[in-house]
Amino acid sequence: MSNEADTTTRTRLPLRVFSARAVWQSGTSAPAASLALAVLVLLAWQYLPPMFGVPKYIIPRVSDLWNEMIRMWFQENLLRHFISTASMSILGFVLGGLLGAVAGYALGLLPTWEKVLSPYILALQIAPKVAFAPLFILWFGYNAWPKLIVTVLVVFFPILVNVLQAMRIMDRDLINLARAYNMSKTKIFLKVMLPYSMPNLLAGLRIGATLAVIGITVGELVGGEIGLGYLISFGQGQANTSMVFDAIGLLTVIGVIMYWAVTSVENRILHYLPRAVGAQRSP
Amino acid sequence: MFLYEQDPPVPSAKSNVLRFLDVARRFPGRTAGAPPFTAVRDLSFEVNESEFVSIVGPSGCGKSTLLNMIAGLDRPSEGTVSLHGVEVVGPNSSVGFMLQKDLLLPWRTVLHNVEFGLEARNMEAGARRERALQELKRCRITEFADRYPYQISGGQRQRAALARTLAIDPDVVLLDEPFSALDAQTKLILQKSFAGTIAVAGLTTLLITHDLSEAVAMSDRILVMSDGPGRIVDEIEVGLPDRDNPIARLAMPRATEIVKHLFHALHIDNRLDA
């Protein structure tokens, strides 16, 4: 009996050493550490600037940001601005994503056209799309179109390029296999090409999700009377630093939610990839 | 045609399934004005019902060209390729081919991969599934039916690929070095597994390989191809028992002799470049 107990304690000792590491790796303590870091930063933000005599209009404290948020909610119709920016971002993302994917598949299936168009695609890809915003305002006026078009353009290219890349590196033997089975072209596209390009399409969408918020924000900054971008430029005019900070924070929230939505769809679709099982689900 | 009358008649009780008649395939030169590149020429051979024929040859002798022409993915510049007496003019579902790469679709389970070839036909989903399960059983991978390709080993993946190839009930099975990416042990086990499945099903098979002992261990007949432009330079009747058990076959002294003969036929001993 005593001998048995002895061996259990002996084996338990190294187990405990390992368990700390196991907890760390299992992913429960990493989020806890992230949270602790956030609390630390917020505390430092609240108390350090006043200690060094930094005025509020340069760096407002966390409590100022909170108070401003409440004020904006009741006095500036914050919800309306937030919903406008969020819905326009999503709309721009969906439209840009659809157009980008369609163009990517079309060019992937038509290599001659791709060769003809590729220098222009490259040029447009490099051109800073947000710089077109004033131009679109000149063309379409102060309404929703300029920001929407900017967003569609911004989202369009990474998705186009990603899909095109997948179509270029497509395994020809897979296509040949399907051809040897006498599959129709439509079936080959739906059953081989489309799923094959899925990882690239989703990677493009992931980038697009974050870019969509940038597109909308620039559009709202340049000309508009609604949206978080408008609140930023309004706040800047009033020297209301808290307002600017709050609006930036909310824009980030929109971006994060969109990014998260795409990643969770991605994880669901790409479950068959070995890396998607452990690596991507942990954060 | 006259040649056949003069030659002693070949005793072929079984009808031939696959037939190459004076086939040549040329590709246009790389640059404009360059002479066309001849991949294969003067190819004439037959593969009979339920026969297992191997083609060996140095790399670049046009083996893949030959395979594509049978699968209907490519057409000869001269001569004809025919299956059951019908000229091959395009992809047709009576040929099953399998490569060194398993070509399993990573987003499909093993079962759905086996169903892939059947999806080109107008087949009811239930019947398709039943057919695929039957094939999985024959290739002994039923237990992995619901796994994704990344979850199974290289040997299991090749067995799944064979199941997919056989699911369409091909008249002829083309194997393009299906074992060459595997480790030595898995290779032997898989060769035995394939040989057993093929023998039981009585499949007409054409195996393309670099591995001389593999050719001897598995086939009834071996065709030796030369390189640039590829043509058949030798033909060997293996004439050994135990076609369904390559490992037993390799232990026979006659097998070693044939391998040695092939070795010389391909001039491997005095080739410097590979």
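Readers should treat all values here as calculations from the given coordinates under stated rules, not as data from a laboratory. If you're wondering where the values come from, they're calculated on a predicted model, not measured in any experiment. Because the Cβ atoms are built from the backbone with ideal geometry, glycine has one as well, and the counts that use them run over all protein chains shown.
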* Looking only at other chains, what is the average number of their beta-carbon atoms within 10 angstrom of each beta-carbon in A:180-190? -> 5
* To do: Pop out the ³J(HN,Hα) list for segment B:250-260 in order, Karplus 6.51 cos²θ - 1.76 cosθ + 1.60 with θ = phi - 60°, rounded to Hz; leave Gly and Pro as x.
  => 5, 6, 7, x, 4, 4, 4, 4, 5, 4, 4
* Once Lys and Arg get +1 and Asp and Glu get -1 on their Cβ, which of A:Trp139, A:Ala261, A:Leu35 lies farthest toward the positive end of the dipole of chain A? -> A:Ala261
* How high is the FRET efficiency from B:Asp22 to B:Ile247, r the C-beta distance, R0 56 Å, rounded to 0.05? -> 0.90
* Asked: Fewest first, what order do B:Asp211, B:Asp227, B:Asp22 take by the number of other Cβ atoms within 10 Å?
  -> B:Asp22, B:Asp227, B:Asp211
* Other chains' Cβ within 10 Å of B:117-127 residues: what's the mean? -> 2
* Structure fact -> Partner shielding of A:172-179, as the mean number of partner chain Cβ atoms within 10 Å, equals 6
* **Rounded if a/c under 1.5, otherwise prolate or oblate - chain A, Cα gyration tensor axes** => oblate
* Asked: Among residues other than B:Leu83 whose Cβ falls under 13 Å from its Cβ, what is the net charge (Lys/Arg +1, Asp/Glu -1)?
  -> -3
* Using modelled amide H (1.01 Å from N, peptide plane; none on Pro or chain starts), what sits under 5 Å from the amide H of B:Phe97, excluding residues fewer than 5 places away? -> B:Leu174
* 3J(HN,Hα) from dihedral phi, segment A:245-252, Karplus parametrisation 6.51/-1.76/1.60, rounded to Hz, x for glycine, proline -> 4, 4, 5, 4, x, 5, 4, 4
* Asked: Want the number for A:Ile257 to A:Gln125: 0.36 nm per residue separation, take away the alpha-carbon distance, what's left?
  -> 45.0 nm
* Structure fact -> Row for segment A:133-283, column shape: gyration tensor on C-alpha, a ≥ b ≥ c, rounded if a/c < 1.5 i.e. under 1.5, prolate if a/b over b/c, else oblate; value oblate
* Asked: What is the order of B:Val23, B:Val110, B:Val233, B:Val238, fewest Cβ neighbours within 10 Å to most?
  -> B:Val233, B:Val238, B:Val23, B:Val110
* Structure fact -> Here, B:Phe37 and B:Arg254, labelled 7 Å along Cα→Cβ, have an inter-label distance in nm of 4.1
* So which lysines can B:Lys101 reach, going by Cα to Cα under 20 Å and dropping same-chain residues fewer than 8 places off? -> A:Lys191, B:Lys63, B:Lys187, B:Lys192
* Can you list the residues, at least 5 places off or on another chain, whose amide H is less than 5 Å from the amide H of B:Leu18, using H built in the peptide plane? -> B:Val47, B:His84
* Tell me what the protein assembly as shown gives for mean residue ellipticity at 222 nm when only DSSP H runs of n ≥ 4 count, each as -39,500 (n - 2.57), the sum divided by the residue total, rounded to 500 deg cm²/dmol. => -19000 deg cm²/dmol
* To do: Under 1.5 on a/c is rounded, so check that first for segment B:52-112, then, if it is not, pick prolate when a/b is larger than b/c and oblate when it is not; a ≥ b ≥ c are the square roots of the alpha carbon gyration tensor eigenvalues.
  => oblate
* Full extension from A:Ala33 to A:Ser118: what is 0.36 nm times the residue separation minus their Cα-Cα distance, to one decimal in nm? -> 26.0 nm
* Asked: Hey, with R₀ at 51 Å, roughly what FRET efficiency would B:Gln151 and A:Gln75 work out to, going by the Cβ-Cβ distance, to 0.05?
  -> 0.30
* Structure fact -> Contact order relative to length for segment A:62-278, counting C-alpha pairs under 8 Å separated by 6 or more residues, stands in percent at 28
* Asked: In nanometres, what is the gap between the two model label sites at A:Lys185 and A:Ile58, each 7 Å from Cα along Cα-to-Cβ?
  -> 6.6
* Given H placed on each backbone N at 1.01 Å, which residues far from B:Val40 in sequence or on other chains put an amide H within less than 5 Å of it? -> B:Arg25, B:Gly230
* Asked: At a Förster radius of 45 Å, what calculated FRET efficiency corresponds to the Cβ-Cβ distance of A:Ile83 and A:Ala106, to the nearest 0.05?
  -> 0.85
* Asked: Percent antiparallel among DSSP beta bridges with both residues in the protein assembly as shown, to the nearest 5?
  -> 50
* Structure fact -> Calc'd 3J(HN,Hα), segment A:202-212, phi into Karplus 6.51 cos²θ - 1.76 cosθ + 1.60 (θ = phi - 60°), Hz, glycine/Pro = x, comes to 5, 5, x, 5, 4, 5, x, 4, 6, 6, 4
* **Nearest-20 debye value, segment B:102-169 charge dipole, Cβ charges on Lys, Arg, Asp, Glu** => 140
* Relative exposure of A:Tyr120, A:Tyr181, A:Tyr196, judged by other C-beta atoms within 10 Å (fewest first) -> A:Tyr120, A:Tyr196, A:Tyr181
